[in-house]
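Here, each number is a calculation from the coordinates, and none is a lab measurement. Everything numeric in this text was worked out from a predicted model, so none of it was measured. In this analysis, Cβ positions are derived from the backbone assuming ideal geometry, glycine residues included, and neighbour counts consider all displayed protein chains.
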Amino acid sequence: MAKKRPVATARKPKVKLSPRDKKTMARLTDVADRVVRAAKARRDPHVDIPSRTLSNVHYSARKKIIEMGNNKNRRKLFDLSQAKAYMRTVLVSSGCKRLLDQGKTTSLRGMYYMLKHTIEGSRENTFDTQNESDTIIEDVEVMLGSLREELHLYAQKKGDLVGNITINDSGFDIDCSRMGSGGYGIPSIVEPEVIKLDRKKCHAKFVLHVEKDTVWQRFNEDRFWEKHNCILTHGGGQPTRGIRRLLHRLHNELKLPIYCVLDNDPWGYYIYSVIKQGSINLAFESQRMAVPEAKFLGLRSIDYDRCELSDDVILAMNDNDRKRAKQIANYPWFAKKRPWQSEIQRMLKNDFKLEVESLISKDISYVTEVYVPERLSARDWLD
Amino acid sequence: MATTKRKKKRSASEPAVGKKTKKKKRPAPRSKPSASDATPVKRRSTAQAMAASQRDISVSEFFAKNRHLLGFDNPRKALLTTVKEAVDNSLDACEEAGILPEIWVHIEPTTGDRFKVGIQDNGPGILKKQIPLIFGKLLYGSKFHRLRQSRGQQGIGISAAGMYGVQTTGKPVKIISKISSRKPAHYYEIQIDTKKNQPKILNGRGDGVDIPPGDKGAAYIEKHGIEWVEQPHGTRVTIELQAKFIRGRGSVGEYLEQTAIANPHVSLHYIDPDDYEYAYDRSAKSLPAEPKEIKPHPYGIELGRLAQMLEESEAMSASEFFRTKFSRVTSTMAKRICDGAKVSTRSNVRKLDRTHADRLYQTIQQTKISPPATDCICPIGEDLVLKGLHQVVPGEFYAAATRPPSVYRGNPFQIEVGLAYGGSAPTQNVTEDLLLELLEETDTRTVRQFLIHTFNGLGGEAADKLVKEAALKTRQTPGKLQPKERHRLYEAMKKVNVAEGQQMEVLRYANRVPLQFQQSACAVTQTVLGTNWRGYGLSQSRGAMPKGPVSLMVHIASVWVPFTSESKEAIANYPEIQKEIRLGLQAVGRKLGMYLRRRLKVRQQSDRREIFLRYLKEVSSAVSEINGAKQKELYEQLVKVAKRQTTEADMKLDDRGRPIEDKGEELNLGDNVLIVDPSTHKAAINRVALEPEELEDDQ
């Protein structure tokens, strides 16, 4: 932080940077310095961004998580197809620097608005949609090796938690057993600076993660967490990084086993896969998010027969589903697991999907009173 | 490009019609013997009875029945062929006499589907006794027996037109001709006697009428309603015929326009049936060089013709015969031929018989004779090709190539190729004010028609696209459009890429006469299709016309143009001719390729620079925000890098990987190339000339 923008410091009160912010700031400055050096030497400025594709991730059988490989994509300023992306990358970097300077955090959408403007002398916008800035932000994360939180960015809040635990969120003690029907909204950033977990304040014995809000409501209304002394979470579909990070911390810091109740379809399988070993897109964060010990409780493809469900609740599979199922079966982290292969094959043979809600056809509280307790007591799950 | 497609279809269907009629005739005689085989009882006819009905067929009878061979297959084409034959004859006559041609073409509707067509020239005029023969007898003329570059060849055309007129309307052909202002003009009304192939004079008790010169004659002309534009000398032929008048492709207007391209020394005045007057003024003030008449080349002669020549010749030695009747035969050459054929050089040609002729013919084929003189051909010239094309075809790039003369079957010929490449379409160059003006003055009934007629080179398909884009109704009158609708039309014209899917347009000429039909049967079209245009920057799918806003003009000048039929619509496929056409196409193609590549390169370079420069400011200010670097300095440094990067990327490397200096920024394409700014091109838009009376009324 030798060089600092003089104007900004004069106008804004200087914020004291935390050691972590200092590290991030140094990385940001390095990117900018390289541009200056390249320009002085009349060279073509570029940045190297680790590639976030299936080809650049590998499954570590030892750590049981997806890890990012070493492939990097070079993004050049003086390349017609990359010039705009390069400009955006530098722009996002400068936005992050501004956030760090002022000691504020903003949402992804906030960042989009911070940087969105018309390029001088043209009708072109720096960003047209938020999606464009979101991908560049992920690029900057991997490029700097910094996490989104470290860049002072957070995503939309998603997912709720309820259960026998008291959490300290930004200095407030929150008793999650007294959340009523709404539950505690899991924030996007759940790092120790914001959320402090205390083993002594946790009485729950395990975490039950369900796919979406509606199922979670059922469990909460039936006070499942009270009866079975657990923590109940949902991710509203594909869990965001905040939820995954919290599950990771609950598992590792409080030693709570994680059980998942998800739909019986390719997307349910993939949600489990992301919780368990990390996602392809964010492979660089698997280390601090994946929970390799997470268990898949249901729904299983055998449940149609086992629970004697009626034909009315099945959903037909389409070509896309079948394709995705085969793809998932071929992922290295599923490929060598017999039970999983037969599970996926069974689903393909059934040729239909089952949602957790389908169990309601048996009884409104079948899932909370019969299905999950039975599975848990029988220790019947997929790993 | 729908129009060319239409044209193709039409020409493809024509020969089919011809075949059909032929086929119909054939089965009749064939079925006779088979019938007699089956039933040997009684013959239907005897040789004697059949002999009674066997007789001479006159040329005129033959062509009266087979008028499609001469280009009178339908009323639409009949009109064009009539004008064409008369104009071609007029031009030939003027040029032969050394007069700068001025031609008047008047088409006037009479009753129903009949039109009166009058064509007048300022030529030398015709002698009184020749008039009936020239206009009333098929195969009578001066051009058939000589080898000289001229438009007409057989002496069929104009008399056939007259015959068609008489057959369809019963009205005689009217001819008035004057050879000098002091001598009387001759006025004839003629019908052709198809049985005898002889003219039948109707007026002046079978002798024609002489109109005295001066005021007296003028009074006579006035009194009898004879059409004549006062001239010291010239000829006018008026034919009334059943016809159909069209505009656009294959029309009289198109023919005259294309004639003007290839004959910049001609002035044309044309009044169409709707009383619109068109004038094409000459842009060249001198006549083309006079083509020389040549003797036939030994290679170009067939055995039968050789035998006939021997028979018809006056008594002379064989050596003399070859030296005087053929070109390029010297006495040594004549001796070589005679020796080879075992004929004495001194023997009298009258005594040579068929076997001798055969041997002589064989020897000629084996003897090496220098090719015929080629100075007998008068090409248009690269300069005038460019001028003509530029005047009529809108575009931004023009190239022309005149090939050196060459020979097919002993006949010298020469190929000329012109190419016009039009960048943006005329519809995109028009301003809103001009469009409003055009809409005011047009007389077309629908917007679609308006678009097709006003903007040159715009096909029906493109017009439909524009109308659809402007959300107008198909049958809306252009004059009655609401201001809003006019604006929408303007917007659509700016937006729609009408050049999309446009195909190359080929204008074919033979001895300066435009060929408008039988496109696909023509050697020119086939050679264009067979040439690979992709190397010249045009896209082309296999076996199809290249795509793009390109017009191509191909002219073949020859003492004897090998047409595929008497209607002179397509050029026959001689390998020598195809080769020359191909070389000509390649010559202009190379220039087009150079131009297009350069244009593309310049555009790419500037595009690239622009994109970089656009982002550099953003990059430099973002960087300076992060590390406090001086924004301006950084920006300037980056701009320098950008400039170097773009030039480096465009730099060519030689085989050792060292950069080659680009020699000269200017594109050097040679002399015969014309590059213009298409937005200021006046040929792009057809404007309806306001009639003089209207102007007077305004005053």
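Some observations on this one:
- Remark: spin-label model distance B:K335-B:E636 equals 9.0 nm, labels positioned 7 Å along the Cα→Cβ axis.
- Residue pairs, from the table A:K205/A:K227; B:K84/B:K128; A:K64/A:K201, whose Cα atoms sit over 19 Å apart: B:K84/B:K128; A:K64/A:K201
- Coordinate range of the alpha-carbon atoms in segment B:97-180 per principal axis, descending: 42, 26, 24 Å.
- For the pair B:K351 and A:K336, label points projected 7 Å from Cα toward Cβ lie 11.3 nm apart.
- Potential extension, B:Y574-B:K468 segment - 0.36 nm per residue separation minus Cα distance: 33.6 nm
- Per residue, the average separation of C-alpha pairs within less than 8 Å and at least 6 apart gives segment B:524-593 a relative contact order of 39 percent.
- Simple spin-label estimate for A:E374 and B:T324 gives 12.5 nm between the two label positions (7 Å along the Cα-to-Cβ direction from each Cα).
- The Cβ shell under 10 Å around B:V561 holds other residues with a net charge of +2, Lys and Arg each +1, Asp and Glu each -1.
- Between B:I211 and B:A185, B:H186, B:Y187, the built amide H atoms are under 5 Å apart, and every one of these is 5 or more places off in sequence or on another chain.
- Cut-off under 5 Å, modelled amide H: who pairs with B:E505 long-range: B:V550, B:S551, B:L552
- Shape parameters for segment B:426-495, alpha-carbon atoms, Rg then Dmax in Å: 10.3, 27
- A:R20/A:D169 FRET efficiency (R0 25 Å; Cβ-Cβ; nearest 0.05): 0.85
- Each other residue within a Cβ distance under 9 Å of B:P172 adds +1 if Lys or Arg and -1 if Asp or Glu, for a net charge of +1.
- Per residue, the convex hull volume that the Cα atoms of segment B:67-280 enclose (Å³): 125
- Radius, Kirkwood style, for segment A:220-349 when every pair of distinct Cα atoms is counted (Å): 15.9
- Expected 222 nm ellipticity per residue - DSSP helices of 4 or more, -39500 (n - 2.57), all of the protein assembly as shown, to 500: -13000 deg cm²/dmol
- Viscosity 1.306 mPa s, temperature 10 °C, Stokes-Einstein D of segment B:444-602 from Kirkwood C-alpha radius, µm²/s: 88
- For the protein assembly as shown, the spread of Cα positions along each principal axis, largest first, Å: 137, 89, 76
- Remark: segment B:465-474, residue by residue, has Karplus-estimated 3J(HN,Hα) of 4, 5, 4, 5, 4, 7, 6, 9, 7, 5 Hz, where x stands for each Gly or Pro and the curve is 6.51 cos²θ - 1.76 cosθ + 1.60 at θ = phi - 60°.
- Derived value for segment B:213-265: Kirkwood hydrodynamic radius 14.4 Å. Basis is the mean of 1/r over every pair of different alpha-carbon atoms.
- At 1.002 mPa s and 20 °C, Stokes diffusion of segment B:298-366 via Kirkwood alpha-carbon radius, µm² per second: 187
- For B:K295, the lysines whose Cα comes closer than 21 Å to its Cα, not counting residues fewer than 8 places off in the same chain, are B:K143, B:K325, B:K335, B:K368.
- The local environment of B:E302, defined by Cβ-Cβ distances under 13 Å, has a net charge of +1 under the rule Lys, Arg +1 and Asp, Glu -1.
- Here B:K216 is the anchor, and the lysines within straight C-alpha reach of less than 17 Å, apart from those fewer than 8 places off in the same chain, are B:K178, B:K183.
- Stretchable slack from A:R62 to A:E253, in nm (0.36 nm times residue separation minus alpha-carbon distance): 66.7 nm
- In this structure, B:A544 and A:E293 have a Cβ-Cβ separation that, at R0 = 41 Å, corresponds to a calculated FRET efficiency of about 0.05.
- Karplus 3J(HN,Hα) series, Hz, for segment B:82-99 with 6.51 cos²θ - 1.76 cosθ + 1.60 (x for Gly, Pro): 4, 4, 4, 4, 5, 5, 4, 4, 4, 5, 4, 5, 4, 5, 5, 7, x, 10
- Short to long, the 10 Å bins of the Cα pair-distance histogram for segment A:6-154 hold 10, 35, 37, 15, 3, 0 percent of all pairs.
- For B:T81, B:T345, order by how many other beta-carbon atoms lie within 10 Å, fewest first: B:T345, B:T81
- Shape call, segment A:160-378: gyration tensor on alpha carbons, a/c limit 1.5: oblate
- Summed over all non-identical Cα pairs, the Kirkwood treatment of chain A gives a radius of 22.9 Å.
- In this structure, B:K216 and B:T564 have a Cβ-Cβ separation that, at R0 = 56 Å, corresponds to a calculated FRET efficiency of about 0.65.
- Residue order, fewest to most surrounding Cβ atoms within 10 angstrom, among B:R534, B:R403, A:R199: A:R199, B:R534, B:R403
- Taking 0.36 nm per residue of sequence separation and removing the Cα-Cα distance, the B:E610/B:K65 pair yields an extension gain of 189.3 nm.
- Label-reachable residues, segment A:132-159, where backbone N falls under 11 Å from a point 7 Å from A:R109's Cα toward its Cβ: A:156-157
- Distances between every pair of Cα atoms in segment B:328-377, grouped in 10 Å steps from 0 to the bin holding the largest one, split as 25, 50, 20, 6 percent.
- Neighbour-count order for B:K591, A:K295, A:K196, fewest beta carbons within 10 angstrom listed first: A:K196, A:K295, B:K591
- Antiparallel DSSP beta bridges within the protein assembly as shown, percent to nearest 5: 80
- Within the same chain, aspartates and glutamates fewer than 8 places from B:K285 are excluded, and of the rest, those with a Cα less than 15 Å from its Cα are B:E95, B:E102, B:D383.
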